[in-house]
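A.B. asks: Structure below; questions to follow.
The values are calculated or read from the model by the stated rules, or taken from the named source; none is laboratory data. As the structure is a prediction and not an experimental result, all values here were calculated from the model. Virtual Cβ from ideal backbone geometry, glycine too; neighbours counted across all protein chains shown.
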Ligand SMILES: Cc1cc2nc3c(=O)[nH]c(=O)nc-3n(C[C@H](O)[C@H](O)[C@H](O)COP(=O)(O)OP(=O)(O)OC[C@H]3O[C@@H](n4cnc5c(N)ncnc54)[C@H](O)[C@@H]3O)c2cc1C
């Protein structure tokens, strides 16, 4: 069996893995980044919405995204559009972005191995000390002082060590990237209500002047609706704003799962860190995880590199990573969960009222709300001083969970 020695092995070259690899190899440790597909982002499993300020902070080139400044929301009976002067959201060219992140890691010294499917974790006294991967018909051994599990929803490392079970609550999403006749490239649509998704929402996210992603997300186990079937039906019947797209031609299908079990997993063990979807780092309200995967991937990579350099890779020395990310997002994710629980139970009539409340929000308030980026002070302000009673009530729910 072929065998390699590295300081750090990272499993999965999604945004979490490439970002962890970039940070760790920038700190001077040797890093192997293992990806089971033939190329990074060969399969796209995400809609790719994120925020311009995060994209800029992470150094993602402008050529990787399409800016959005109009946020439209509709139920079967009502629609609202909140417009902003400047774009704050973006829809990523997912392939280009993920490949850019992987190249950054390689440029800082990471060795990327594609077509390398991790099938087993090597242990010494129950602590991970590397992995075995299947490469074509043979097996390759990667020895390491530490492992980072960035394998996304599947969480292959932590599951094979018996440290976590499959996620119980999750979102399932299906999406087509399509060429469309009429695209408003600065306007996204979120579509809510029973016909779009009984436990979730549907969306239109523009990728360019002539291309959009149309998708459906469904909460599991809350609903047994198959998102692909529902998506096909919505497109066939040209529901709501899908009709305004005119003629459409499907060019690619995307399907993915995203954990929604809250922050239930421990994310550091002796010689092991979990990042991104394997750690459950996602906003449950709109199932958003890319910026967390990049941000906390970098923190994890730095933490791992420092631990390796100091010769102490015990759980205790890795705990600053868990403290860092929990401090940054725990209360926000909990607040978003409260709103999600409220939204999952809404009837179409109640959605109509909810959209009236949402239409009272300014663009900044609306974006802070859906991206769960509210500071405690802004929530208190909205819950006590917003001129509209319904908005105050909405933010009182959020406030109660802080
Ligand atoms: C339908 C849908 C829509 C979404 N939309 C958005 C959105 O608009 N905005 C947003 O921010 N987030 C969105 N998300 C969530 C977002 O995609 C994830 O939070 C993000 O991709 C997490 O990154 P990651 O690196 O942890 O995992 P992933 O992106 O899943 O990457 C994991 C990588 O590990 C590899 N891998 C898995 N197993 C192995 C193995 N055994 N050996 C080697 N490699 C392996 C995979 O091939 C993959 O490349 C969406 C999710 C879904 C399902």
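A.B. asks: Grab the strands (runs of 3 or more DSSP E) fully contained in region 44-94, keeping just those with 3 or more residues being under 26 Å from residue 354 (Cβ atoms), within 17 Å of the chain's Cα centre (by Cα) and within 16 Å of the ligand (Cβ to nearest atom).
C.D. replies: Those strands (runs of 3 or more DSSP E) span 49-51, 89-92.
A.B. asks: So, one more: Give the residue that is farthest from residue 167 (Cα to Cα), with candidates limited to residues of region 247-272 that are assigned to a loop (DSSP other than H, G, I, E, B) and more than 13 Å from the ligand (Cβ to nearest atom).
C.D. replies: Here the answer is 247.
A.B. asks: Right, here's the next one. Take residue 277 and tell me if it is within 17 Å of residue 259 (Cβ to Cβ) and in the same structural domain as residue 15 (by TED's automatic domain parsing).
C.D. replies: So residue 277 passes the test.
A.B. asks: Going through 89, 105 one at a time, which residue ends up being crowded, with 22+ Cβ neighbours inside 10 Å and in the same structural domain as residue 156 (by TED's automatic domain parsing)?
C.D. replies: 105
A.B. asks: Another question, if that's okay. Checking residue 309 against (1) assigned to a helix (DSSP H, G or I); (2) within 12 Å of the ligand (Cβ to nearest atom), only one condition comes out false. Which one?
C.D. replies: That leaves (2) as the condition not met.
A.B. asks: Of the numbered conditions (1) part of a helix (DSSP H, G or I); (2) within 16 Å of the ligand (Cβ to nearest atom); (3) more than 30 Å from residue 7 (Cα to Cα); (4) in contact with a helix residue (DSSP H, G or I) (Cβ under 7 Å, 6 or more places away or on another chain), residue 336 fails exactly one; give the number of that condition.
C.D. replies: All conditions pass for residue 336, except number (4).
A.B. asks: Here's something else I'd like to know. Among residues belonging to region 194-218 that are surrounded by 24 or more Cβ atoms within 10 Å (Cβ to Cβ) and part of a loop (DSSP other than H, G, I, E, B), point out the one that is nearest to the ligand (Cβ to nearest atom).
C.D. replies: Looking at residues that are surrounded by 24 or more Cβ atoms within 10 Å (Cβ to Cβ) and part of a loop (DSSP other than H, G, I, E, B), I get 197.
A.B. asks: Which one is farthest from the ligand (Cβ to nearest atom) among residues in region 273-290 that are over 25 Å from residue 197 (Cα atoms) and touching a helix residue (DSSP H, G or I) at 6+ places or on another chain (Cβ under 7 Å)?
C.D. replies: 273
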